[in-house]
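Enquirer: Can you read through this structure? Questions will come right after.
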Amino acid sequence: MAEQGRTTTCGSSGIDRQGWKKPRRSAVAALAASGAAALVVAGTAAPAGATPAEHYVALGDSYTSGPRIPTVVNGDCERSDHNYPSLTAAALGVATFKDASCGGARTVHMWEQQGSNPPQLDALDKTTTLVSLGISGNDIGFGEIIGTCTALSFTDPTGNPCERRYTATGTDELAARIADASAKVDKVIDAIHDRAPRARVVVVGYPVIVPDDGVGCRPAVMMADKDIPYLRDTEKRLNDMLRTVAAGNRAQYADSYAATVGHDICKSPADRWVEPLVPANPAAPFHPNAKGEQAMADAVLGLLAAPGRGR
C-alpha cells in the first residue's frame, strides 16, 4: 500500500506480500472477459494482448481512505490498505498505485495540504492513466449533519426535527449545500484532466447509510423516524450531483449506493456494510466497514469492465 507521494509497483508477487484482499470472483471474471485491464493473480501472467497495466491514483475523503479498517497504514489520514482503491489496484494488477485519500478531506484539500498529507492533486502526473475520486461529503458537512440529526432525535423521536431544522428558512439548506458543492467537484475534475490528460476519471458515489426503504431502527440507531427518508433523499441528491458533474466533464460515475442497498446501518452486524454510531465491525461511525469498501471496489471494477468505457 503506498502512502501519498510514494509509489507501489503491483506485480503478482507484490499483491501477495501486501496481503491485499482479492476481489469477488464476479468482478474479476468480468474484467477478464472484457479485456479491460491486465489482471494479475498469483502464479498467472497477464493474458497476451491485454491492455497495458494502469498507473492508478486515488483521491478522496474518509469514505475512500477507510478509517479503522485493518490495516491502517497512514494514521494521520486513517488510510487503510483494504480500502476500495487498494482492492481495486490489486484486482487490476496496476503498474503503479498512489493513494492520496485522507479522512476529513474537502475539495480544497485537492490543492491544499491537510495536516501531513500533501495536496492530493500532487499525486498526479502525465503518466497517470486511471484516477478515482470520492469527495464532497465534508463539503456539505456530513459530520455536522449526522451529529445534529442524532441530537435532535431525542426531542421528537417519531417526527422530523432534523428536516425541520434544515428547512426552517423555507428552503432546504442541505440541498443548497449540495448545489454549491457541484462547482467545486467540477473544478477538481478539471484539475485532474489538466494534470493527468491521459487518465480515465471515475467519480465514486457514497454508499447507502440509512435504510433505502426509509424505515429507521430506533433505539439501535437514534435518528427520528420521519428524518430517515429526508436523510436518505439528501444522500441520493448528493450522489445525483456527483453523477451529473461526472457526465458533464469527461468522467464516469461508479454507483456505490446501488451496490450497498440492503446493507445499511440498521442491519445486523453480519449483514451491514456501513457501521452505525457504535460500530460492531472495525470502521469509523457511519462509514463503510471492510465489506462496504469491497462493495465499493466492486462498483468501480464493474464500471471499468463495462463495454465502451473510453477515456
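Enquirer: Looking at the stretch 181-203 only, could you name the residues that are within 22 Å of Glu144 (Cα to Cα) and either of a type in the set (Val, Ile, Thr) or free of Cβ contacts under 8 Å to residues at least 24 places away in the same chain (or both)?
Expert: Correct list: Ala183, Val185.
Enquirer: Could you check the stretch 203-256 and list, in sequence order, the residues that are open to solvent by less than 70 Å² (accessible area, probe 1.4 Å) and among the hydroxyl-bearing types (Ser, Thr, Tyr)?
Expert: Tyr206, Tyr230, Thr234, Tyr253, Ser256
Enquirer: Filter the stretch 56-110 down to residues that are outside any loop (DSSP other than H, G, I, E, B) and either in contact with an Asp or Glu (Cβ under 8 Å, 6 or more places away or on another chain) or not charged (D, E, K, R) (or both), then give me how many there are.
Expert: Of the residues in the stretch 56-110, 30 are outside any loop (DSSP other than H, G, I, E, B) and either in contact with an Asp or Glu (Cβ under 8 Å, 6 or more places away or on another chain) or not charged (D, E, K, R) (or both).
Enquirer: Out of the stretch 111-150, which residues are part of a helix (DSSP H, G or I) and either of a type in the set (Phe, Trp, Tyr) or touching a strand residue (DSSP E or B) at 6+ places or on another chain (Cβ under 8 Å) (or both)?
Expert: Gln120, Leu121, Ala123, Phe142
Enquirer: Taking Pro70 as the residue in question, decide whether it is open to solvent by 20 Å² or more (accessible area, probe 1.4 Å), over 24 Å from Arg195 (Cβ atoms) and not aliphatic (A, V, I, L, M).
Expert: Yes: the conditions hold for Pro70.
Enquirer: Could you grab the pairs with beta carbons closer than 8 Å, sequence gap of 6+ or different chains, first residue in the stretch 104-132 and within 11 Å of Val188 (Cβ to Cβ) and among the polar types (S, T, N, Q), second one open to solvent by 10 Å² or more (accessible area, probe 1.4 Å) and part of a loop (DSSP other than H, G, I, E, B)?
Expert: Thr107/Asp139; Gln120/Gln4
Enquirer: Just to check your reading of the model, which residue among Ala290, Ala283, Ala258 is farther than 23 Å from Cys77 by Cα and at pLDDT 95 or above?
Expert: That would be Ala258, the only listed residue that is farther than 23 Å from Cys77 by Cα and at pLDDT 95 or above.
Enquirer: Also, I was wondering about something else. Taking Glu163 and the conditions (1) part of a helix (DSSP H, G or I); (2) surrounded by fewer than 19 Cβ atoms within 10 Å (Cβ to Cβ); (3) of a type in the set (Asp, Glu), which numbered condition does it fall short on, given that it satisfies the others?
Expert: That leaves (2) as the condition not met.
Enquirer: Can you tell which of Ser101, Ser132, Ser153 is open to solvent by less than 10 Å² (accessible area, probe 1.4 Å) and more than 21 Å from the chain's Cα centre (by Cα)? Walk me through it before giving the result.
Expert: Values: Ser101 fails: more than 21 Å from the chain's Cα centre (by Cα); Ser132 fails: more than 21 Å from the chain's Cα centre (by Cα).
The unique qualifying residue is Ser153.
The values are calculated or read from the model by the stated rules, or taken from the named source; none is laboratory data. Since this is a predicted model, take the numbers as computed values, not measurements. Every residue, glycine as well, gets a Cβ built from its backbone with ideal geometry; the counts of neighbours run over all protein chains shown. When the accessible area is computed, the model is the full protein with side chains, heavy atoms only, and any ligands, DNA or RNA have been set aside. Shrake-Rupley method; radii C 1.70, N 1.55, O 1.52, S 1.80 Å.
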